[in-house]
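Quick notes on the structure that follows.
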């Protein structure tokens, strides 16, 4: 399941070992599966403790994961009926490229024939999904990791270029940032022990980045770029005005 090679060293008394341990370090999907299914093997014991072991609720849409993966393996198009948050429904013909998990939601990334462009949809908004027999060819230059490389979250605007973002983080939030980086490009570039630390990123200025920074509240100050700093300031003032 995880591409792990287990071998036996007979010279040491039939000792079994993982030959390619780096696979578990490099394979984020394998790590995600291991962490998310790390529940007791004895499900009878687990059932007895169900009121004391609290798991996050999984939103709707998980039922579509398997057929989407099958369509990705077979390189066949999908037809989905989709309900937008605004309430209206749409039908899309999609060439499925990749699946992504973000904030406990599944997203399907693919080429949408109606828009003639790469787009994505949340699986929990899909009403119906059907595989077709129409095959497609995945572009040779498509790489899902590179596609999302410079974005925080799932919003990608191909017209945006990554910029240097620098933030100052105060108090206990510094340790949280070290443990759970805002983005894979995070670098700690300045530390004033007991006071603050400064982190730098190479990311696109997307709405999701702004939302994430705002969620950190008074513990974080955006230093550069100035337009991001001013936008955060404007949003905070608008929020403050609601309480005056």
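A few remarks follow.
- Exclusive hit being part of a loop (DSSP other than H, G, I, E, B) and either modelled with pLDDT under 80 or surrounded by 14 or more Cβ atoms within 10 Å (Cβ to Cβ) (or both), set 77, 41: 41
- Residue in the range 162-174 that is part of a helix (DSSP H, G or I), surrounded by fewer than 17 Cβ atoms within 10 Å (Cβ to Cβ) and either without any contact (Cβ under 8 Å) to a residue 60 or more places away in the chain or more than 18 Å from the chain's Cα centre (by Cα) (or both) present: yes
- Qualifying residue in the range 199-206 (condition: over 23 Å from residue 234 (Cβ atoms), free of Cβ contacts under 8 Å to residues at least 40 places away in the same chain, part of a strand (DSSP E or B) and touching a helix residue (DSSP H, G or I) at 6+ places or on another chain (Cβ under 8 Å)): no
- When each of 142, 136 is tested for being over 22 Å from the mean Cα position of the chain (by Cα), surrounded by 13 or more Cβ atoms within 10 Å (Cβ to Cβ) and closer than 30 Å to residue 93 by Cβ, the lone residue that passes is 136.
- Residue that is nearest to residue 84 (Cα to Cα), among those in the range 119-150 that are outside any helix (DSSP H, G or I) and touching a helix residue (DSSP H, G or I) at 6+ places or on another chain (Cβ under 8 Å): 126
- Residue list for the range 220-239, filter: crowded, with 16+ Cβ neighbours inside 10 Å and either in contact (Cβ under 8 Å) with a residue 60 or more places away in the chain or part of a helix (DSSP H, G or I) (or both): 228, 229, 231, 232
The values are calculated or read from the model by the stated rules, or taken from the named source; none is laboratory data. This one's a predicted model, so the numbers in the text were calculated from it and none came from an experiment. Don't worry about glycine lacking a Cβ; one is built from the backbone with ideal geometry, like all the others, and counts go over all protein chains shown.
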